[in-house]
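S.K.: Attaching a single structure in structure tokens format; questions to follow.
The values are calculated or read from the model by the stated rules, or taken from the named source; none is laboratory data. On a predicted model such as this, the values are computed, not experimentally measured, just so you know. Backbone-built Cβ (ideal geometry, glycine too); neighbour counts: all protein chains shown.
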């Protein structure tokens, strides 16, 4: 664990690892025991994926090896064992609510042109290269919550999220969220949710985050929870806004509240053309000349908290194709295809960007990155980017990505989260591809990262 425990240090290799060892499969029994030790190295904490990449790596390397030993095709062995009935209670605490693992596998294989791989491999052999194909069918637990589970595990904080929706007299909306953005595009995605739900122009929505002097309370962004948890808190606050707006509209339209419908930014008396716009209702709330003051307070400003009843479970299949130069050990990724199920998607472009970033990080872990300490002094030898290899653009292929949708069943957005998927599926897919390529040369096992030196050494040892 490094020299001391940091915030989530002990949770990562235990709860966020062991509970995902079922993967996408109907594994009947699972036993996991984790030993955590203090060392003289730097402390560890949550990093994109946090426990889920390790679980996926163990499961998917085992599946790959099992398929090789039994002579069953990689996709066939996965299909035989996929979970298909939901909700599904795993042997390691978690209950998956929904998924369609076959659909993601099918799409990934189509994008990767698996049928044409044999011909590409033959061509590589003629050029003196080694070609390999690797699969990883991952699952992750996101939207880290509920609070009662976190408390039972020793966490000293609630894992809910808060959202405040403040409607201005002119009909514009300011949203205060505890889910802080550091590049995920929350300002765009949250604005889309608000604009769609309230039927107002997106340019009239302002998102405020990161200011503890203005935001009611929040646990921040991690665990791919921003949309599923933070977005749901905002949705709940908007539900309160609409409920109050319906009361105001009923008064203005001299109708029963139960007869008022809200759609496309209008409060309408059911079965008639009589309506009031969202902006008209907002203005009335702040200029209450014609207002049921005996029943309602002026203003249109609501706050909501959301504490999920379950995790969300994004899943998918990643397929990596590599070509290896046996003379130098250099691994080139020639194709990477990823099909993911993130539930309902609000902004496809932002999701695609999240997947690209995650894939780059996962590939970096599998191919390049490694912390090396001197055994005698304990000195970190890879303490700068001259020594610690980060992936660059020429290390990465042009990714092929796609999504399939099975909505999450326990939040109103049906969202599952997308921020960590690439980093979870990529290491196992890449290393399975490397092992597939090296198997023809007699290499049985290779640890990450698959640097040229390690690959070359493994090939030399296999030849002896």
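S.K.: Check the range 49-57 and report whether any residue there is surrounded by 15 or more Cβ atoms within 10 Å (Cβ to Cβ) and farther than 26 Å from residue 157 by Cβ. Steps first, answer last, please.
M.R.: Of the residues in the range 49-57, the ones surrounded by 15 or more Cβ atoms within 10 Å (Cβ to Cβ) are 49-57.
Add one more test, that the residue is farther than 26 Å from residue 157 by Cβ, and what stays is 56-57.
Scanning the range 49-57, I find at least one residue that is surrounded by 15 or more Cβ atoms within 10 Å (Cβ to Cβ) and farther than 26 Å from residue 157 by Cβ, so the answer is yes.
S.K.: What's the number of the only condition in (1) within 30 Å of residue 146 (Cβ to Cβ); (2) in a loop (DSSP other than H, G, I, E, B) that residue 291 fails to meet?
M.R.: With (1) within 30 Å of residue 146 (Cβ to Cβ); (2) in a loop (DSSP other than H, G, I, E, B) applied to residue 291, the lone miss is (1).
S.K.: For the range 177-194, how many residues meet the condition of being in a loop (DSSP other than H, G, I, E, B) and either buried (at least 22 other Cβ atoms within 10 Å of the Cβ) or modelled with pLDDT of 95 or more (or both)?
M.R.: The initial filter retains those residues of the range 177-194 that are in a loop (DSSP other than H, G, I, E, B), namely 178-185.
Pick out the ones that are also either buried (at least 22 other Cβ atoms within 10 Å of the Cβ) or modelled with pLDDT of 95 or more (or both) and you get 178-179.
Counting residues in the range 177-194 that are in a loop (DSSP other than H, G, I, E, B) and either buried (at least 22 other Cβ atoms within 10 Å of the Cβ) or modelled with pLDDT of 95 or more (or both) gives 2.
S.K.: Hey, does the range 216-226 have a residue that's under 26 Å from residue 416 (Cβ atoms) and in a helix (DSSP H, G or I)?
M.R.: If we filter the range 216-226 for residues that are under 26 Å from residue 416 (Cβ atoms), which is where we start, we get 216-226.
From what is left, the residues that are in a helix (DSSP H, G or I) are 226.
Checked the range 216-226: at least one residue is under 26 Å from residue 416 (Cβ atoms) and in a helix (DSSP H, G or I).
S.K.: Name the residue, out of 394, 340, that is modelled with pLDDT under 95, assigned by TED's automatic domain parsing to the domain that holds residue 114 and not in a loop (DSSP other than H, G, I, E, B).
M.R.: 394
S.K.: So which residues in the range 271-319 are under 30 Å from residue 107 (Cβ atoms) and touching a helix residue (DSSP H, G or I) at 6+ places or on another chain (Cβ under 8 Å), if there are any at all?
M.R.: Scanning the range 271-319 gives 308, 312, 314, 315, 316, 317, 318, 319.
S.K.: Still on this structure: Only one of 56, 98 is in contact (Cβ under 8 Å) with a residue 12 or more places away in the chain, over 23 Å from residue 399 (Cα atoms), in the same structural domain as residue 31 (by TED's automatic domain parsing) and touching a strand residue (DSSP E or B) at 6+ places or on another chain (Cβ under 9 Å); which? I'd like the intermediate steps shown before the answer.
M.R.: On the way: 56 fails: over 23 Å from residue 399 (Cα atoms).
From the options 56, 98, the qualifying one is 98.
S.K.: Sticking with this structure for a sec: For the range 222-234, which positions are at pLDDT below 85 and touching a strand residue (DSSP E or B) at 6+ places or on another chain (Cβ under 9 Å)?
M.R.: Of the range 222-234, the ones at pLDDT below 85 are 222-223.
Hit for the range 222-234 is 223, nothing else.
S.K.: Same structure again: For residues that are in contact (Cβ under 8 Å) with a residue 24 or more places away in the chain and surrounded by fewer than 20 Cβ atoms within 10 Å (Cβ to Cβ), scanning just the range 444-458, find the one that is nearest to residue 140 (Cα to Cα).
M.R.: Checking each candidate, the answer is 448.
Okay, residues lined up against (1) touching a helix residue (DSSP H, G or I) at 6+ places or on another chain (Cβ under 8 Å); (2) in a strand (DSSP E or B):
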| site | (1), (2) |
| --- | --- |
| 111 | no, no |
| 120 | no, no |
| 123 | no, no |
| 131 | yes, yes |
| 134 | yes, yes |
| 144 | yes, no |
| 148 | no, no |
| 163 | yes, yes |
| 170 | yes, no |
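S.K.: Hey, another quick one. How many of the residues making up the range 294-314 are in contact with a strand residue (DSSP E or B) (Cβ under 7 Å, 6 or more places away or on another chain), more than 30 Å from residue 404 (Cα to Cα) and outside any strand (DSSP E or B)?
M.R.: 1
S.K.: Say we look at the range 195-206 and pick out the residues that are in a helix (DSSP H, G or I) and touching a residue at least 40 places away in the same chain (Cβ under 8 Å); which of these is surrounded by the fewest Cβ atoms within 10 Å (Cβ to Cβ)? Full working, then the answer.
M.R.: Pass one, the range 195-206, residues in a helix (DSSP H, G or I): 195-198, 202-204.
Then drop every residue that is not touching a residue at least 40 places away in the same chain (Cβ under 8 Å), which leaves 197-198.
Values: 197: 19, 198: 23.
Ranking the qualifying residues of the range 195-206, first place goes to 197.
S.K.: Then there's this: Among (1) within 13 Å of residue 164 (Cα to Cα); (2) surrounded by 17 or more Cβ atoms within 10 Å (Cβ to Cβ), where does residue 217 come up short?
M.R.: (2)
S.K.: Could you tell me whether the range 397-405 includes any residue that is within 30 Å of residue 232 (Cα to Cα), assigned to a helix (DSSP H, G or I) and within 23 Å of the chain's Cα centre (by Cα)?
M.R.: No, because not a single residue in the range 397-405 is within 30 Å of residue 232 (Cα to Cα), assigned to a helix (DSSP H, G or I) and within 23 Å of the chain's Cα centre (by Cα).
S.K.: Which residue out of 41, 27 is in contact with a helix residue (DSSP H, G or I) (Cβ under 9 Å, 6 or more places away or on another chain) and outside any helix (DSSP H, G or I)?
M.R.: On the way: 41 fails: in contact with a helix residue (DSSP H, G or I) (Cβ under 9 Å, 6 or more places away or on another chain).
Only one candidate qualifies: 27.
S.K.: Within the range 397-443, how many residues are in contact with a helix residue (DSSP H, G or I) (Cβ under 8 Å, 6 or more places away or on another chain) and either without any contact (Cβ under 8 Å) to a residue 40 or more places away in the chain or not assigned by TED's automatic domain parsing to the domain that holds residue 113 (or both)?
M.R.: 2
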